[in-house]
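Contents: one structure, followed by commentary.
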Amino acid sequence: MLLAIGRWRLFGFDTMERVGAVSYDSATALIVVDVQNDFADPKGSLYVNSGEEVVPVINAEIEAAKADGGHIFYTADWHPESTPHFQTDGGIWPVHCVGDTWGAEFHPDLVVDGPVIRKGTNGEDGYSGFTMQNPETMETIPTRLAELLRDRRIERIVVVGLATDYCVKATALDGKTAGFNVALMTDAVRSVDLTPGDGQRALADVEAAGVVLV
Ligand SMILES: [Zn+2]
């Protein structure tokens, strides 16, 4: 875990002025992962326990990023009605985030003010905001996210959202692989925990990969 010191210089996150806070600037982007009704609303088909609790925490980060000239990007799971990603078609997940349905909409309380990167639109498996997989060939297909970040000369990303053990983890790890400095805010994520402890293991995995847990 991180040392509770007042000022850190770790993996490029060198301007955190108090414990548990990230400072934003024009080279820093907040990546809001999949805060959609099917994950964040108790009526959602793939509800992440206490998922709605991240919304006010993330809204505060969005305000902080905007105030300091940081960037904000959103990812959204966005599936066709039928995809090998779903149990109904031989996959592992209940039907969720079908494009243009209530479940795919962002949580109504989430402040949305920035580009949205949709993933899984053509039936791919899409966990990471950076990449998707063709479920038949397992070919990796990039999303536009890395290109958009580089276009804006962004070097650091802060990952928040749902769910810790799937899309948040995959986005943080892919961000490292793509060469960004990555932080993850532990009070702005929640986990599915298909197996108890998955969320905690995901945090340990990303930390081992060099992601800074804030
Ligand atoms: Zn999905």
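Go through the stretch 124-209 and name the GluC sites (Glu not before Pro) that are in a DSSP coil and have 16 or fewer other Cβ atoms within 10 Å of their Cβ. The partial results should precede the final answer.
On the way: sites: Glu124, Glu136, Glu139, Glu147, Glu155, Glu207; in loops: Glu124, Glu136, Glu139, Glu155.
Qualifying residues, ordered by number: Glu136, Glu139, Glu155.
In the chain, helices alone account for a calculated mean residue ellipticity at 222 nm of -6000 deg cm²/dmol, with every DSSP H run of four or more residues adding -39,500 (n - 2.57). Straight-line cross-link partners of Lys66 among the aspartates and glutamates, defined as a Cα under 20 Å from its Cα and at least 8 positions apart when in the same chain: Asp14, Glu17, Asp25, Asp34, Asp109, Asp113, Asp151, Glu155, Asp187.
Placing R0 at 25 angstrom, the Cβ-Cβ distance between Glu155 and Ala64 gives a FRET efficiency of 0.90 after rounding to 0.05. Proximity of backbone amide H atoms, modeled 1.01 Å from N, is registered between Val158 and Ala29, Leu30, Ile31, Ala183 at under 5 Å, excluding neighbours fewer than 5 places apart on the same chain.
At q = 0.18, 0.30 Å⁻¹ the log10 of I(q)/I(0) for the stretch 32-73 amounts to -0.54, -0.95, computed by Debye summation with a single uniform scatterer per C-alpha, solvent ignored. Based on the reciprocal of the average 1/r between different C-alpha atoms, the Kirkwood radius for the stretch 48-152 equals 15.1 Å. Indicate, rounded to the nearest 5 percent, the antiparallel portion of the DSSP beta bridges found entirely in the chain. Roughly 20 percent of the DSSP beta bridges within the chain come out antiparallel. The alpha-carbon of Lys169 sits under 18 angstrom from the alpha-carbons of these lysines, leaving out residues fewer than 8 places away in its chain: Lys119.
How would you order 107-119, 80-92 from highest to lowest mean count of nearby Cβ atoms within 10 Å? Walk me through the numbers before you get to the answer.
Details: 107-119: 16.6, 80-92: 14.7.
Order by mean packing, descending: 107-119, 80-92.
Determine, for each peptide in 173-185, 189-201, the mean count of other beta carbons within 10 angstrom over its residues, then list the peptides with the highest first.
Values: 173-185: 21.2, 189-201: 16.7.
Answer by packing, highest mean first, reads 173-185, 189-201.
Karplus-derived 3J(HN,Hα) values for the stretch 161-174, using 6.51 cos²θ - 1.76 cosθ + 1.60 with θ = phi - 60°, are x, 10, 10, 3, 7, 10, 6, 5, 4, 5, 5, 5, 5, 5 Hz; glycine and proline are entered as x. Mean separation of Cα pairs under 8 Å and 6 or more residues apart, divided by the residue count, gives the stretch 28-213 a relative contact order of 24 percent. Residues whose amide H falls under 5 Å from that of Thr186, counting only those 5 or more places apart or on a different chain, are Val214, with hydrogens built in the peptide plane.
What Kirkwood hydrodynamic radius, in Å, does the chain give when the mean of 1/r is taken over all pairs of distinct Cα atoms and then inverted? Over the chain, the inverse of the mean reciprocal pair distance is 17.1 Å. Converting phi to 3J(HN,Hα) with the Karplus coefficients 6.51, -1.76 and 1.60 and the offset θ = phi - 60°, the stretch 83-94 yields 7, x, 6, 9, 3, 5, 10, x, x, 10, 10, x Hz in sequence order, with x at every glycine or proline.
Amide hydrogen proximity for Ile141: with H placed 1.01 Å from N in the peptide plane, the residues at 5 or more positions away or on another chain lying under 5 Å are Met132, Gln133, Asn134.
Residue by residue, the stretch 40-51 carries 3J(HN,Hα) couplings of 9, 10, x, 8, x, 6, 9, 4, 8, 3, 6, x Hz when phi is fed to the Karplus relation 6.51 cos²θ - 1.76 cosθ + 1.60 (θ = phi - 60°); x denotes Gly or Pro.
Read the figures in this text as sums done on the coordinates, not as results from a lab. Please read these numbers as outputs of a predicted model, since none were measured by experiment. Quick reminder, even Gly has a Cβ in these numbers, built from the backbone with ideal geometry, and neighbours come from all protein chains shown.
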